[in-house]
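**Student:** After the structure tokens below, expect a handful of questions from me.
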Amino acid sequence: MADGTINIGQRLFMKNITKKQKTKVYIDGANIFYAQQKMGWFIDWQKIIKWLNTSYQVIDLKFYTGVKQDDKKSQKFNSRLESYNYQVIAKPLKKICFSKGKFIYKANFDVEMAVDLILEKDEFQIVILFSGDSDFDYVIKKLRKFNKKVIVICAKHALSSELQKTASKCLLLGEFRKEIEYIKSPRSEDRG
């Protein structure tokens, strides 16, 4: 309004904005990647931002991921995440051999994520952790002692019983599929 007064609708809108608490998001890339494979659908990380911002004041998004040397596909994915304002924390994948000629690639970020969560605890009231890994049980307990709200988001099959007990709230990806699923758009044809 031109005279500087605020109508009831604006007041309610402003009240909702100020109610949102500072929230940081930490994503265990490997854990969520395998969860998506098992679910049979993938997350649209741009939609995740919009979805989270409806309820939280997201001030930082960190995506922890391992990368293979010269892997153009993962480099492109990480660049896309950065263009959406995710902070990508990456390190080389390790090749772990477990029998004759059989191996897996692995990059475990549990320690890095736990350290960042504790070091940055004064910057947020709410933390959203995309992982169901029971290794985070201890750090979640510590954060709760500092009166931090910890929300765990993952797939139903990947949610550990420890995190179900420890987290302030657990959200299952499948319950929000319509809002966050990546839908591959068909390539547009040249109409030159």
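**Student:** For Ile89, are the conditions met, namely being over 27 Å from Trp51 (Cα atoms) and in contact with a Lys or Arg (Cβ under 9 Å, 6 or more places away or on another chain)?
**Tutor:** Criteria not met by Ile89.
**Student:** Identify the residue in the stretch 26-49 that is more than 22 Å from Phe103 (Cα to Cα) and in contact with a strand residue (DSSP E or B) (Cβ under 6 Å, 6 or more places away or on another chain) and, among all such residues, is surrounded by the most Cβ atoms within 10 Å (Cβ to Cβ).
**Tutor:** Ile27
**Student:** Return the only residue of Ile118, Ile151, Ile89 being among the aliphatic types (A, V, I, L, M), in contact with a Leu (Cβ under 9 Å, 6 or more places away or on another chain) and under 26 Å from Gln46 (Cβ atoms).
**Tutor:** None of the other options fit; the residue is Ile151.
**Student:** Let me ask something additional. Please work out which residue is surrounded by the fewest Cβ atoms within 10 Å (Cβ to Cβ), limiting yourself to the stretch 50-69 and to residues that are touching a Ser or Thr at 6+ places or on another chain (Cβ under 7 Å) and among the hydrophobic types (A, V, I, L, M, F, W, C).
**Tutor:** Across the stretch 50-69, the extreme among qualifying residues is Ile59.
**Student:** Turning to a different aspect of this structure: Does Ser83 meet the test of being of a type in the set (Gly, Ala, Ser), surrounded by fewer than 14 Cβ atoms within 10 Å (Cβ to Cβ) and either over 14 Å from Leu61 (Cα atoms) or without any contact (Cβ under 8 Å) to a residue 24 or more places away in the chain (or both)?
**Tutor:** On the way: of a type in the set (Gly, Ala, Ser): yes; surrounded by fewer than 14 Cβ atoms within 10 Å (Cβ to Cβ): yes; either over 14 Å from Leu61 (Cα atoms) or without any contact (Cβ under 8 Å) to a residue 24 or more places away in the chain (or both): yes.
Considered against the rule, which asks whether it is of a type in the set (Gly, Ala, Ser), surrounded by fewer than 14 Cβ atoms within 10 Å (Cβ to Cβ) and either over 14 Å from Leu61 (Cα atoms) or without any contact (Cβ under 8 Å) to a residue 24 or more places away in the chain (or both), Ser83 comes out as yes.
**Student:** Looking only at the stretch 75-98, how many residues end up being modelled with pLDDT of 90 or more and outside any loop (DSSP other than H, G, I, E, B)?
**Tutor:** So the count comes out to 15.
**Student:** Separate question: Considering only the stretch 99-192, give the strands (runs of 3 or more DSSP E) lying wholly within it that have at least 3 residues that are surrounded by fewer than 18 Cβ atoms within 10 Å (Cβ to Cβ) and at pLDDT below 95.
**Tutor:** 102-106
**Student:** For the stretch 105-119, give me each residue that is under 10 Å from Asp28 (Cα atoms) and of a type in the set (Asp, Glu).
**Tutor:** Asp110
The values are calculated or read from the model by the stated rules, or taken from the named source; none is laboratory data. Source: prediction; values computed, not measured. Every residue, glycine as well, gets a Cβ built from its backbone with ideal geometry; the counts of neighbours run over all protein chains shown.
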